[in-house]
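Report on the following structure.
Read the figures in this text as sums done on the coordinates, not as results from a lab. Since we're looking at a predicted model, the values are computed, not measured. In this analysis, Cβ positions are derived from the backbone assuming ideal geometry, glycine residues included, and neighbour counts consider all displayed protein chains.
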Amino acid sequence: MPNFAIFGGSEEALTKMRGGFVVDVSHPCNQALPRWVSTGLFQQIDTSRLSNWGNVIPEIIDLPGNAADGGNVWMAPFDWGQTSVTYRTDLFEVEGEESWDMLWDKRYAGKLGSLASGADAWWCGAIKAGVDFDDIASDEAFEKIAAVMREQRPLIRVYTDDTTTLEQALSSGELTAAMTWNSSAVLLQSEGIPVKFAKPKEGALTWVCGVVIHKDAPNVDRAYDVIDSLLSVQTGEFMIGEWGYGHSNIKAFDKFDEATLQGLGLSKRPFEILEAGHFQQPQTQEWETRMNETFEQIKAGF
Amino acid sequence: MTETSVQTSAAEPAAKPVSRLERLLYRSEALRGYLLMSPTLLIMTIGIIVPFLILVTMSLWTRDGFSFDATLTIANYLRVWNEPIFGALLRRSFWISGVATVATVVLCYPMAYYVAFHVHRNKMMWIILMTLPFWTSYLLRVFAWKVILGYEGVINSGLQGLGMIEEPLSFLLYSKSAVIITLAHAWAAFAILPLYVSLEKIDKSLLEAATDLGDGPVARFWRITFPLSMPGIIAASFLIFIPTTGDYITPALLGGPDGAMIGNFIQLQFGAVNNWPMGATLSIVLMLWIAAIALVFLFITRQAERRVS
Amino acid sequence: MSDGTYIRRPNRPLQIYAVIFLIVLYVPVLFIPMFSFNDSIYVRFPLQGFTLQWYGELWTREPVWNALWNSVKVGLVVSVISTVLGVVAARAITRYRIPGKGTMVTFIMMPLVIPGIIFGVALLVLLSRMGVPLSLYTVGLGHLIICLPFGVATLLPRFEGFDPSMEEASADLGENGWWTFWRVTFPMVFPGVVASLLLTFTISFDEFIMAFFLTGTDPTLPMYIWGQLRFPQEFPSVLALSALILFVSFFLVFVAQRLGRAGLDNGNT
């Protein structure tokens, strides 16, 4: 059984690793990848050692900053999905189309929830504020996004990265809508709770995450074994069926028909989904720090 | 749990060595004493002084991307002074901890009083009964309060069951009061024990004397019992107030957006925000404020004690 | 027993208060065993029915046991070291005339009046500057610093309370220092030693604030529980384990209580 260390967010994990925390593998997302690689804390992944590599969907390998020397990669993509609004169809009255405005709806003040990490929330704020992700680093964008986040703050009952809390609150009616990943909606639906994972008219936030190997990983062989099994069809079927996340192995989708996949907001051609939404883009460390600092202050009420 | 005899037995007998021989003995005794103390002192030095020197140094650095700019500057302190958020968070932390401390001491006092004065058999049993709950995980106790105060929690279900409310009360969870209630419960043992010890120590004949002099129960309590239990009250207040100001678990789980405390922000500086120098600065500022508050508190209680006696 | 008669009189309101107090004290704690028997992965009302499933699953959850074992290891080492050092320091403080003693005692007691988060952060900064990797050792170092003052504080009254002439008598009888310590001093302070071991073990075993900053890949039990709070699948086993710990500590405390009383009775006759 592997040991896990779970962090509030991937930034926290990276900070801890910068402080000398050594693990075999960790799990960043595409947006953080170039920054993670530039810390020099990770080793290239020799894809020839992964038996499932041939079935990995090429478009999600080819991410900015992922290519290493001689066909090696830094991150083996594993899961992909969306951040959007999960809402109670019986308690939340949608006006017009589904939209990010739902999480800014004053009628439901105190009954809205949000993910706590800026890696999701800030980007969703950018979509709401109409900021193009290409310009997300500009001062103007910062001000615009900060303004919408401040506007939202008094409406939010809880900011948390603990998805169980959000799911339970949605299931009890404590929250009528919350920012979540795919899995929350799928889980709640499987329990018979009337929820929907919105397809906001502005587009959802989309991302790809994967696995990286620490440069001093004590068990490199085990790390490869873990990655290979994460990329396997069995894992993929589980990820899709039980959690509603996209998987990186194309064969994992064979068990599911197109309608099921569509219901989950997935597709065998991930880029259709990723491009249709707002695909996160890598940012500098300076940006990341500034964003987190600003967002934390907003959450605290300033 | 704690019989904080933090008194330092400061009034040492002033040893006045008479002869050279005695002086040598005295010296060697001190030397032996130092030798015995040295492992403890060494560990405390490694564990307190060295880290604190580095913490102070780092608080004078600034963040530079992922590493540090080691030029010494008070920029971080100026930020803490100038940006309203830090002052507000500090005030909120002290308010929450302060209210929790007062609530805990006030609620535990009658309990400790009861055991000290009205329980005559199986006193130990009562003390064990009062401290046993604190053998369970702090985290799970905090979590349990989330279940009690929650939207479908015990209180809301109960009130709804009784037909007293239509909709669950949402202010119970994710609020300052949730943090205060949980802290008061979680730290109760740290109030009960010092209070009990100080009450138990009170010489009962003093109470009888007061009765003989015609004092009623109330006057007797305020003239004798309460002033004499002051050391317990002070110890309990310190033991609760100080650690709770730095807590970040309870606010993180139960505080909601309005319940965040300074501890949450310190933790963030070492986590997501990744500004260690700022985190160091906030830690130092927190410590200085605690020291200041503790001194003022001690001064006031000393004055009060003097006036009473 | 020279209690005044008025004290003997039972105080009804106070009695009722005491009962309510104990109920409020225990209810949140009793939730843990209660939900460990609940047939649902979610900790929420209404209860879903009785099950022993989580206790069964607990045996297969290796990470839970690893975390428990890590906490036990750290707790044992920390409690033994802080108690041994506490004995030595308390003896030095009470038996020797040392200049600057007051300052040193204040210094040792400092962790009692500084929030744990500050120690956690300060040690993290130190260790990372020195390039020391985080591990159970670093957690242990952190715990040692907060446990030492508790050890010394528990032991000091014991040493203060006993008559040094006992030791002197032993020395006069020709016993050497080592023998005197084992035959005279140690039995006298033994209850303090036990109290210190128990107290410091408990503190270390449940410590989270510092462990959060100082833990490496091997989690202590509180760190593990923290990680599992957001994963409902694993959480019931955590509740089951905590309930077991609760039962065992209740049991131990009551046994200790019985033995203690039996010992006292024998001593009195």
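Classify region B:45-179: rounded, prolate or oblate, from the alpha-carbon gyration tensor (a ≥ b ≥ c, eigenvalue square roots; a/c under 1.5 rounded; otherwise prolate if a/b is larger than b/c)?
Verdict is oblate for region B:45-179.
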Self-check item: Cβ-defined net charge surrounding C:Val139, 11 Å radius [Lys, Arg +1; Asp, Glu -1]
Solution: -1
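When A:Ser48, B:Ser93, C:Ser82, B:Ser137 are ordered from fewest to most other Cβ atoms inside 10 Å of their Cβ, what list results?
Working: A:Ser48 10, B:Ser93 27, C:Ser82 32, B:Ser137 24.
If I rank by nearby Cβ atoms, fewest first, I get A:Ser48, B:Ser137, B:Ser93, C:Ser82.
For the residues B:Ile46, C:Ile145, B:Ile181, what sequence is obtained by ranking on other C-beta atoms within 10 Å, fewest first? Show your work: numbers first, answer last.
Details: B:Ile46 15, C:Ile145 25, B:Ile181 20.
Ordered from fewest to most neighbouring Cβ atoms within 10 Å, B:Ile46, C:Ile145, B:Ile181 come out as B:Ile46, B:Ile181, C:Ile145.
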Self-check item: chain B - mean residue ellipticity at 222 nm from DSSP helices (-39,500 (n - 2.57) per run, n ≥ 4, rounded to 500)
Solution: -20500 deg cm²/dmol
Quiz item: Out of B:Trp61, B:Trp289, B:Trp222, any idea which swings most in a Gaussian network model of chain B, alpha carbons joined below 10 Å?
Solution: B:Trp222
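Shielding by partners for B:199-210, please: the mean number of other protein chain Cβ atoms within 10 Å of each residue's Cβ.
Numbers: counts 0, 0, 0, 0, 1, 5, 3, 0, 4, 6, 1, 1.
Across the residues of B:199-210, the mean count of other-chain Cβ atoms within 10 Å is 2.
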Quiz item: For C:Val64, what is the net charge nearby, where nearby means another residue's Cβ is under 11 Å from its Cβ and Lys, Arg count +1, Asp, Glu -1?
Solution: -2
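If eta is 1.306 mPa s and T is 10 °C, what Stokes-Einstein diffusion coefficient results for the protein assembly as shown, Kirkwood Rh from Cα pairs, in µm²/s?
Numbers: Rh = 29.8 Å.
For the chosen part, D equals 53 µm²/s.
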Quiz item: What is the spin-label model distance, in nm, from A:Glu286 to A:Phe302 if the labels are put 7 Å beyond Cα along the C-beta direction?
Solution: 2.3
Quiz item: Among all the lysines, which ones have a C-alpha under 19 Å from C:Lys101's C-alpha, if same-chain residues fewer than 8 places away are not counted?
Solution: B:Lys16
Exercise. Under a cut-off of 25 Å between alpha-carbon atoms, report the lysines in cross-link reach of A:Lys201, not counting same-chain residues fewer than 8 places apart.
Key: A:Lys106, A:Lys111, A:Lys128, A:Lys144, A:Lys268
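In debye to the nearest 20, how big a dipole does region B:83-308 give about its Cα centre with +1 on each Lys and Arg Cβ and -1 on each Asp and Glu Cβ? Before the final figure, lay out the partial values.
Working: 14 positive and 12 negative charges, 101 e Å.
The calculated dipole for region B:83-308 is roughly 480 debye.
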Exercise. Please give the residues of region C:57-79, grouped as numeric ranges, whose backbone N is less than 14 Å from a label point set 7 Å along the Cα-to-Cβ vector of C:Gln233.
Key: C:61-63
Self-check item: Among C:Thr202, C:Leu141, C:Ile93 - extreme Cα towards positive end, dipole of region C:63-233, charges at beta-carbon
Solution: C:Leu141
Quiz item: Other chains near C:225-233: what is the mean number of their Cβ atoms within 10 Å of each residue's Cβ?
Solution: 6
Quiz item: Isolated Cys in the protein assembly as shown by the 4.7 Å beta carbon test?
Solution: A:Cys124, B:Cys108, C:Cys147
Practice problem: Place +1 on the Cβ of every Lys and Arg and -1 on the Cβ of every Asp and Glu in the protein assembly as shown, take the dipole about the Cα centre, and give the residue among C:Trp226, A:Leu63, B:Leu31 whose Cα lies farthest towards its positive end. | Solution: B:Leu31
Exercise. Taking the Cβ of B:Tyr151 as the centre, find all other residues whose Cβ is under 11 Å away and add up their charges (Lys, Arg: +1; Asp, Glu: -1).
Key: +1
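When a/c is below 1.5 the answer is rounded, else prolate if a/b is larger than b/c, else oblate, so apply that to chain B with a ≥ b ≥ c taken from the square roots of the Cα gyration tensor eigenvalues.
oblate
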Quiz item: What average number of partner chain Cβ atoms lie no more than 10 Å from the Cβ of the residues making up B:141-148?
Solution: 6
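I need B:Ser237, B:Ser170 ordered by Cβ neighbour count within 10 Å, fewest first.
Least to most surrounded, the residues fall as B:Ser170, B:Ser237.
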Practice problem: Return the FRET efficiency for the residue pair B:Phe299, B:Arg223: r is the Cβ-Cβ distance, R0 is 35 Å, and the value is rounded to the nearest 0.05. | Solution: 0.95
Quiz item: If you put +1 on each Lys and Arg Cβ and -1 on each Asp and Glu Cβ, how big is the dipole of the protein assembly as shown around its Cα centre, in Debye rounded to 20?
Solution: 3860
Quiz item: So between A:Arg269 and A:Leu91, what do we pick up on full extension, going 0.36 nm a residue minus the alpha carbon distance?
Solution: 60.7 nm
Quiz item: In terms of the Cα gyration tensor, with a ≥ b ≥ c the square roots of its eigenvalues, is chain C rounded because a/c is under 1.5, prolate because a/b exceeds b/c, or oblate?
Solution: oblate
